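Down below is the structure, laid out as C-alpha cells.
The values are calculated or read from the model by the stated rules, or taken from the named source; none is laboratory data. If you're wondering where the values come from, they're calculated on a predicted model, not measured in any experiment. Here the Cβ positions follow ideal geometry from the backbone for every residue, glycine too, while neighbour counts run over all protein chains shown. Heavy atoms of the whole protein, side chains included, go into the accessibility calculation; ligands, DNA and RNA do not. Shrake-Rupley method; radii C 1.70, N 1.55, O 1.52, S 1.80 Å.
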Amino acid sequence: MTFTVAVAGATGYAGGEVLRLLSGHPLLTVGALTAHSRAGRPLGETQRHLPALAERRTVPTSPKALAGHDAVVMALPHGRSAELAAALDPGTVVVDCGADFRLRDADAWERFYGTPHAGSWPYGLPELPGAREALRGARRIAVPGCYPTAVTLALFPAYAGALVEPEAVVVAAGGTSGAGRSADARLSGSEVMGSMSPYGVGGTHRHTPELVQNLSALAGEPVAVSFTPTLAPMPRGILATCSARLREGVAPAAVRESYAEALAGEEFVRLLPEGVWPSTAAVLGSNTALVQVAVDGATRRLIAVAAVDNLTKGTAGGALQCLNLALGLPEAQGLPANGVAP
Ligand SMILES: NC(=O)C1=CN([C@@H]2O[C@H](COP(=O)(O)OP(=O)(O)OC[C@H]3O[C@@H](n4cnc5c(N)ncnc54)[C@H](OP(=O)(O)O)[C@@H]3O)[C@@H](O)[C@H]2O)C=CC1
Ligand SMILES: CC(=O)N[C@@H](CCC(=O)OP(=O)(O)O)C(=O)O
C-alpha cells in the first residue's frame with residue numbers, strides 16, 4: 001500500500017528537501033506540487049537537484065489543489081498554513097514545516113510573530129518523552145524550528161533527568177539556507193563568505209519562546225533561555241552549543257550515563273563516543289542529530305553540543321519521520337541516517 005503526499009511550497013528549500021526524501025521513500029508517492037510566484041513553472045527551474053521531477057509543473061497553492069491526498073506537507077512562509085489547513089479534510093494528515101502551530105502560548109506567539117495565534121498541534125519531535133505516542137495516528141503535526149530541533153535534542157536529557165538549573169545559555173551557528181531561497185543582501189556570498197555574525201541577539205529571535213516551551217515542559221518548571229544565533233558561511237547545517245549549571249548534588253560522572261540512557265535506541269539521535277564532538281559536515285543530508293556532552297568542572301556547567309542539517313532533521317526529515325508515525329509506518333522508513341561526505 002502506498003500513500004500520496006502533496007507538497008505545498010514545492011519550490012522552496014524546505015519543499016525541495018521534502019521532495020528529495022519523498023523520492024527515496026518506498027511507500028510515499030509525490031502528489032500535487034504547489035507554489036506561489038513560480039506557480040506554473042517546471043520544477044526543474046528551481047529544484048535542480050531533483051532531475052526526476054524536473055518536468056513536473058507546480059500549481060498555485062489552494063485547498064482544492066491539495067485535496068484528495070493521504071497527506072499534505074506544508075513548507076510555506078510563516079502565517080500561510082493556518083487558513084489552508086482549516087480548509088483541508090480533517091482525515092488528511094497535515095504536517096506543517098512552518099511555525100504557525102508550534103507554540104502553545106498565544107501571548108508568546110503574538111509577541112514574536114505579530115499575528116493572531118492560530119492554535120497548536122502535536123509537536124513533531126518524536127524523541128521527546130511521550131511525543132512518539134502522540135504522533136502515532138495524528139492528523140495534524142507541527143514540525144519544530146531548525147534551531148529548536150538541535151537545541152532541544154542537545155538538552156532534553158539534561159532537563160528530563162533534572163541534571164541542570166532552569167537557566168540555559170545557547171549559541172548556535174546556522175547556515176544560510178535557514179532563511180529560505182528568497183534573495184536578501186545579508187545572505188549574499190559577499191556578505192557571508194569568510195565571515196560569521198550574530199543576529200536576533202538579546203532574546204529577540206522567534207525561536208526563543210519555542211525553546212522555553214520545550215525545555216520548561218521537560219523540566220516541569222519555567223526554564224529561562226538565552227539564545228544567540230549566528231550566521232555561518234555554509235549553505236546547510238546547525239551547530240548548537242548549549243550550557244546550563246549543574247544542580248547541587250549532581251555528580252559530573254552521572255551526566256554521561258544519563259545522556260546514554262535517554263538516547264538509547266534512538267535511530268536518529270546519536271551520543272558520540274566520549275571526546276568526539278559533533279560537526280555539521282558529518283550530518284549533511286542525513287536525518288541524524290549528533291550529540292556530545294561534557295562537564296566544565298571549573299564552572300560546574302554542563303556543555304551539550306548538537307549538529308543537525310537544518311533542512312533534513314531540522315525540517316524535511318523531521319517532517320517525514322512524523323509522517324511515518326502518523327501513517328502507521330515504521331518511523332525510520334525511507335529516511336537517511338547516513339550523511340554525505342566529504
Ligand atoms: N529553510 C529551513 O532550514 C527551514 C525552514 N522551515 C520552514 O519551512 C517553511 C518554508 O521555508 P523555506 O523553504 O526555507 O522558504 P523558501 O522561501 O525557500 O520557500 C517558500 C515557499 O513558499 C512559497 N510561498 C512564498 N510566498 C508565499 C505566499 N504568500 N503564499 C503561499 N506560498 C508562498 C514559495 O513559492 P514560490 O517560490 O513560487 O514563490 C516557496 O515554495 C517556512 O515556514 C520555514 O520556517 C523550517 C525549518 C527549517
Ligand atoms: C539564517 C536564518 O535566517 N536562519 C533562520 C533559521 C530558522 C528556521 O529555518 O526555522 P523556522 O522554521 O522557524 O523558520 C532564522 O534564524 O530565522
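Odds and ends about this structure:
The rows are residues; the columns are (1) open to solvent by less than 20 Å² (accessible area, probe 1.4 Å); (2) at pLDDT 95 or above; (3) touching a His at 6+ places or on another chain (Cβ under 8 Å).
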{"residue": "Leu272", "(1), (2), (3)": "no, yes, no"}
{"residue": "Ala282", "(1), (2), (3)": "no, yes, no"}
{"residue": "Ala289", "(1), (2), (3)": "yes, yes, no"}
{"residue": "Val293", "(1), (2), (3)": "yes, yes, no"}
{"residue": "Ile303", "(1), (2), (3)": "no, yes, no"}
{"residue": "Val308", "(1), (2), (3)": "yes, yes, no"}
{"residue": "Gly314", "(1), (2), (3)": "yes, yes, no"}
{"residue": "Glu331", "(1), (2), (3)": "no, yes, no"}
{"residue": "Gly334", "(1), (2), (3)": "no, yes, yes"}
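- Residue check, Pro148 open to solvent by 60 Å² or more (accessible area, probe 1.4 Å) and under 17 Å from Val269 (Cα atoms): no
Residue by residue, here is whether (1) among the charged types (D, E, K, R); (2) modelled with pLDDT of 95 or more; (3) within 16 Å of ligand 2 (Cβ to nearest atom); (4) touching a Cys at 6+ places or on another chain (Cβ under 6 Å) holds:
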| position | (1), (2), (3), (4) |
| --- | --- |
| Val5 | no, yes, no, no |
| Gly31 | no, yes, no, no |
| Gly40 | no, yes, no, no |
| Leu43 | no, yes, no, no |
| Arg48 | yes, yes, no, no |
| Pro51 | no, yes, no, no |
| Arg57 | yes, yes, no, no |
| His78 | no, no, yes, no |
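- Assessment of region 235-242 against the conditions (open to solvent by 70 Å² or more (accessible area, probe 1.4 Å) and farther than 19 Å from Leu125 by Cβ) yields at least one matching residue.
- Selected residue [of a type in the set (A, V, I, L, M), within 14 Å of ligand 1 (Cβ to nearest atom), more than 19 Å from Thr2 (Cα to Cα) and touching a residue at least 40 places away in the same chain (Cβ under 8 Å)] from Leu50, Leu84, Leu21: Leu84
- All of (1) under 20 Å from Leu323 (Cα atoms); (2) hydrophobic (A, V, I, L, M, F, W, C); (3) within 16 Å of ligand 2 (Cβ to nearest atom); (4) open to solvent by 50 Å² or more (accessible area, probe 1.4 Å) hold for Val95 with one exception: (4).
- Taking the listed residues Pro122, Pro126, the one that is closer than 25 Å to Gly328 by Cα, open to solvent by less than 40 Å² (accessible area, probe 1.4 Å), of a type outside the set (A, V, I, L, M) and touching a helix residue (DSSP H, G or I) at 6+ places or on another chain (Cβ under 7 Å) is Pro126, with no other qualifying.
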